[in-house]
Amino acid sequence: MNQPELNTQDIIKLYTEDKLSARKIGELYGTHHRYITDVLRSNDIPIRSKSEQNRTLYHDPSVFKEPLTPQAAYWLGFIAADGCVRRRKGEHIVQVKLSISDIDHVQKLKEFLKSEHKVITGTDKGMNKDYCMFMINSEELYKTLQYWGIHPRKTYTLYFPYHLPEELWSSYILGFFDGDGWITFRNRDNLPRFGVGDMTNIIYSIHEILIDNCELNNTKINVNKRGFKTLHFSGIDQVSRIRDYLYSHDIYSLPRKKEKMFSF
């Protein structure tokens, strides 16, 4: 992950408003936490005590416990595509980081989790791209996501959660599509082309499920030299059937992709 550029005002905001610890801010900026505390002290910011720092912000990890709702299945798919989980020094981190243009979507995830945690914004160092990030330290949520197949280093471990009720597979895949998919239109005839791409083998499962449930042609999955896998389906008839399947439940999803999917 690219590190954001050091900015005193951002450090102060993350510490005072977003309630991140100096250690967590140091990890975010790729520097030692003592440097962060030095910046805070030089700007007359009181350093929190351990008891103050350890106060747990509320969230509801039970939203991903069985029985699941279609909306929960959607967010599982989205986190599988665009999120990550990791352990470090006794912490259990669940994180989603997106372009700043999708901050409303990250806020929706925060609301779904009924979380008091703040959505953090910043700029990636060297890329000059603004981002938004949502991060929770929760062992229970971490373990629940693992139950649904989301593990650390998910490039090598992510699998489709076939123990998810089959009627929720479409919502899960919709979430994954909103994270790692696209809809484009060919220049010569404006026909829609649906695609999903990822490094993980979950692409093979999504490919098979879509073919079985949407009566699609058995197209080939492309794998490049790095192992990145992409699936594509083209044409109004095929993409319309995919659309009807993915949006079969009346749930929230990423508005900009939904608009394109219903534009033909």
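Using the per-residue mean of other Cβ atoms lying within 10 Å as a proxy for protection, in what order, highest first, do the peptides 245-252, 39-46 fall? Write down the numbers at each step before the final one.
Details: 245-252: 16.2, 39-46: 13.0.
Result, highest mean Cβ count within 10 Å first: 245-252, 39-46.
Could you check which residue among GLY30, GLY197, GLY179 shows the biggest mean-square fluctuation in a GNM of the chain with a 10 Å Cα cutoff? The residue with the greatest mean-square fluctuation here is GLY30.
Expressed in Å, the radius of gyration and Dmax of the Cα atoms of segment 177-252 are 12.5, 39.
The phi torsions of segment 216-222, fed into the Karplus equation with coefficients 6.51, -1.76 and 1.60 and a -60° offset, translate into couplings of 9, 5, 7, 6, 7, 7, 8 Hz, rounded to whole numbers, with Gly and Pro shown as x. With N counted as the residues of segment 106-223, its alpha-carbon radius of gyration over 2.2 N^0.38 Å works out to 1.28. Assuming 0.890 mPa s and 25 °C, estimate D for the chain with Stokes-Einstein, Rh taken as the Kirkwood radius over Cα pairs, in µm²/s. Reported coefficient: 123 µm²/s.
Readers should treat all values here as calculations from the given coordinates under stated rules, not as data from a laboratory. Keep in mind that this is a model prediction, so the values were computed, not measured. Reconstructed Cβ throughout: ideal geometry from the backbone, glycine too, with neighbour counts over all protein chains shown.
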